[in-house]
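Okay, so here's the structure we're looking at.
The values are calculated or read from the model by the stated rules, or taken from the named source; none is laboratory data. Note that the structure is predicted; figures quoted are calculated from it, not measured. When we count neighbours, we look across all protein chains shown, and the Cβ atoms used for this are built from the backbone with ideal geometry, even at glycine.
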């Protein structure tokens, strides 16, 4: 496993296609009875794809975003670096990750590629560092474990 600060290789077009497809599949399993805003996400972590969907709760603060669900699945499987994420929503324009998800993603891939897509197939690509410039990270913590 490479540490989180290790430079990530740029994902290929094939990686992007696979990630968007996995995120689209995950979106179909979203539990969003309150907002009706179903989101699917998939991360590429150390060569494997892990998917997640948003899961809402009647106690709204306990809701989990699709992006964090995918990251947590990857970490639970042992991944410690994320190279890319795809997010799929049913919106006219692609939706980027929320601020909380950006910060969680930063922990595992400061330069990761972010593919925001619509169900119709429109994709916008960013790097996380452009979506979350000057982010707080492990390097700011004294005595951190490497």
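If you go through the range 31-66 and pick out every residue that is in a loop (DSSP other than H, G, I, E, B) and either at pLDDT below 95 or closer than 22 Å to residue 12 by Cα (or both), you end up with 2.
Figure legend. Inter-residue proximity from the range 122-146: first residues over 11 Å from residue 96 (Cα atoms), second residues at pLDDT below 85 and in a helix (DSSP H, G or I), beta-carbon distance below 8 Å, spacing 6+ or different chains. No pairs are indicated. Considering the range 37-80, the residues that are surrounded by fewer than 24 Cβ atoms within 10 Å (Cβ to Cβ) and under 18 Å from residue 131 (Cα atoms) include one that is nearest to the chain's Cα centre (by Cα), namely 68. The number of residues in the range 54-82 being under 14 Å from residue 27 (Cβ atoms) and in contact with a helix residue (DSSP H, G or I) (Cβ under 6 Å, 6 or more places away or on another chain) comes to 3.
If I filter the range 91-111 for residues that are crowded, with 23+ Cβ neighbours inside 10 Å and assigned to a helix (DSSP H, G or I), do I get at least one hit? Working first, answer last.
Let us first name the residues in the range 91-111 that are crowded, with 23+ Cβ neighbours inside 10 Å, namely 97, 101, 105, 109.
If we keep only those that are assigned to a helix (DSSP H, G or I) as well, we get 101, 105.
Scanning the range 91-111 turns up at least one residue that is crowded, with 23+ Cβ neighbours inside 10 Å and assigned to a helix (DSSP H, G or I).
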